[in-house]
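The values are calculated or read from the model by the stated rules, or taken from the named source; none is laboratory data. Treat the numbers as computed from the prediction; the structure is a model and nothing was measured. Quick reminder, even Gly has a Cβ in these numbers, built from the backbone with ideal geometry, and neighbours come from all protein chains shown. The accessibility values were calculated without ligands, DNA or RNA, using every heavy atom of the protein model including side chains. Shrake-Rupley method; radii C 1.70, N 1.55, O 1.52, S 1.80 Å.
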Amino acid sequence: MARERQQSRVFDDAAHLASMGHKAELNRHFSPLAMLGLAFAILNSWTALSASLSLALPSGGPTSVIWGLITAGICNLSLAASMAEFLSAYPTAGGQYHWVAVIAWPKWRPLLSWITGWINVSGWIALVASGGLLGSQLIVGVISFTNQNYVPQRWHQFLIYIGYNLVAFLLNAFGNSLLPYVTKGAFAWSITGFVIISITVLACASPNYASGKFVFTEFINDSGWPGGIGWLLGLLQAGLGLTGFDAVAHMIEEIPNPHVEGPRIMIATVMIGIFTGFIFLTCLLLVSGGSANVQNIIGSAAGPLLAIFYNATGSKAGSICLLMFPLVCLLFATISIMTTSSRMTYAFARDGGLPASRFFAKVHSKHEMPLNALILTTVLVVIFGCIFLGSSSAFNAIISASVVALGVSYAIPPAINCLRGRKMLPPRPFVLPGPLGWMCNLLGIAYVIVTTVLFLFPPTLPVTGSNMNYCIVAFFIVIVISVVQWFVDGRKNYKGPVVELVGEGEEDQVVYAADNDDLDDKRGAAVER
């Protein structure tokens with residue numbers, strides 16, 4: 001009986017996807033728990049937040065680390081809830097660009113969908129790069145920690161970065177059926193590491209804890225910017241630790257009952273990230289040595305995280321053992337981000353949004369995954385690594401680019417929906433009630449506007465060629481390529497995603513969002529019913 005219900009649900013899910021013009025080519029072999037594991041492996045908030053302490057400690061200190069997380073957490077939770085409404089209504093791997101095509105003004109649907117898709121694809125590819133960069137940074141820190149004579153070279157970190165991404169590529173390409181088990185393992189490993197490290201550092205440092213005043217009120221500004229701007233720049237750490245929750249949307253065609261499970265997983269991922277991140281960062285600051293030691297931590301060649309572990313345990317071996325948890329978490333994160341990035345690239349190509357779209361929209365018959373889209377993602381990630389070889393500020397630029405691009409793609413659908421009176425979504429299982437919906441939408445949009453501007457600022461003053469934030473250059477290049485490609489190909493051929501099929505069997509006629517002039521009227525009638 002249970003198997004029959006499951007088969008019926010799979011058929012229903014496939015039928016709904018078919019109604020939007022797409023054949024169900026990907027197996028729905030991710031359970032809700034496996035999908036939660038994948039989504040949390042990508043956020044891995046406590047790991048990403050602790051591995052990127054170097055972004056916030058010089059720009060606001062503990063106040064930026066703790067209260068920046070709360071600020072970004074509330075705003076990202078608002079964005080997640082806003083996007084969960086769209087996911088509940090239109091559960092397709094295209095995510096944001098598909099939603100924009102459905103709700104935007106008829107005249108602007110293709111262009112707005114096109115821009116959103118390009119921004120989202122580039123953001124996910126940059127996020128793949130951030131996983132390997134954080135992991136390679138920690139490993140180079142371990143070598144510096146154990147060998148005082150070691151002089152880090154960029155190419156050392158580059159090779160480690162390539163290793164991370166090579167492992168992720170091989171598992172995604174040849175172990176697609178293993179991914180649900182990998183993501184469940186990633187979730188278990190992450191929560192286990194969070195608990196073990198928190199208990200260990202608190203026990204080893206007892207009773208020599210930093211004061212509550214230091215943990216919650218200490219302000220440090222080594223950025224050169226005025227205090228307020230410096231603190232806001234520290235939000236980049238929290239932004240990185242909580243971005244990527246739209247992974248659920250791009251993997252939604254691989255879980256059953258997506259209308260209901262997708263929104264739950266998206267919101268739960270951010271909530272778990274805020275909770276674990278707040279607890280873990282508080283523990284780290286408590287055992288950091290306080291005001292007397294914070295500058296040593298900021299300037300440590302081993303990196304702030306390993307320096308805090310050593311201050312708490314007093315043991316190099318013990319500190320490195322604890323670091324194994326975040327190192328493996330970052331490998332899991334790289335694998336999961338690459339999975340999601342390939343699905344997003346595949347979905348956009350499936351709707352004709354990329355050059356050579358037919359090639360990148362192919363699903364490999366044997367491995368049952370979009371291999372060509374995966375290869376494209378990996379090649380671009382290697383190119384990003386080559387940029388890192390040429391500039392020491394590329395690390396911040398790539399992280400900033402991923403956070404900025406994804407944030408912009410999160411804000412576009414709710415912004416259009418707000419401009420149209422929040423009346424553009426049909427009846428769906430997940431609904432934000434009136435005032436709460438407006439509040440979540442507007443708060444999330446405001447957060448994206450502020451952080452998009454701030455994260456393009458150089459991290460420190462005075463600005464030099466080496467510390468310049470090249471995020472704006474990377475973002476500009478993406479916009480230029482997308483605009484040129486729009487005039488070369490998109491303007492004539494891109495009609496956005498399919499929104500419905502008319503007819504049956506071989507007589508099906510595809511209706512694109514761009515061509516469906518009465519789409520708003522149909523949606524309005526559905527909402528009234």
Grab the Cα-Cα distance for Leu170 and Trp155, subtract it from 0.36 nm times how many residues apart they are, and report the gain in nm with one decimal. 3.2 nm
If r is the Cβ-Cβ distance from Ser177 to Asn467 and R0 is 41 Å, what FRET efficiency results, to the nearest 0.05? 0.35
Pull out the extension gain between Met439 and Phe275, defined as 0.36 nm times the separation in residues minus the alpha carbon to alpha carbon distance; nm, one decimal. 56.8 nm
Against the longest alpha carbon principal axis of the chain, how many degrees, from 0 to 90 and to the nearest 10, is the axis of helix 371-390 turned? 30
If each part is reduced to its alpha-carbon centroid, region 439-488 and region 45-90 end up apart, in Å, by 18
Relative contact order (percent) for region 165-306, with alpha-carbon contacts under 8 angstrom and 6 or more residues of separation? 37
Out of every Cα pair in the chain, what percent are spaced more than 35 Å from each other? 32
For the pair Leu419 and Val363, how long in nm is the line joining their label points, each one 7 Å along Cα→Cβ? 3.4
Angle between the Cα long axis of helix 32-43 and the longest principal axis of the chain, 0 to 90 degrees, nearest 10? 50
Can you find, among Tyr346, Val408, Val448, the residue sitting farthest towards the positive end of the charge dipole of region 333-454, where Lys and Arg contribute +1 and Asp and Glu -1 at Cβ? Tyr346
Based on alpha-carbon centroids, what's the gap between region 404-420 and region 257-295 in Å, whole number please? 24
State the percentage of accessible surface on the chain attributable to carbon and sulfur atoms; use a 1.4 Å probe and exclude ligands, DNA and RNA. 66
Residues of the chain: accessible area per residue with a 1.4 Å probe, Å²: 39
Could you compute the FRET efficiency for Asp489 and Thr192, with r as their C-beta to C-beta distance and R0 at 45 Å, rounded to 0.05? 0.40
Would you work out the relative contact order for region 243-374, in percent, from Cα pairs under 8 angstrom that are 6 or more residues apart? 17
Interchain or long-range residues, amide H under 5 Å from Asn221's placed H: Gly60
Under a point-charge model restricted to the Cβ atoms of Lys and Arg (+1) and Asp and Glu (-1), what is the dipole moment magnitude of the chain relative to its Cα centre, in debye to the nearest 20? 580
For the chain, with the dipole built from +1 on Lys and Arg beta-carbon atoms and -1 on Asp and Glu ones, taken about the Cα centre, which of Leu170, Ser54, Met271 lies farthest toward the positive end? Ser54
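Relative contact order for region 106-167 using alpha-carbon pairs under 8 Å, separation at least 6, rounded to a whole percent?
34
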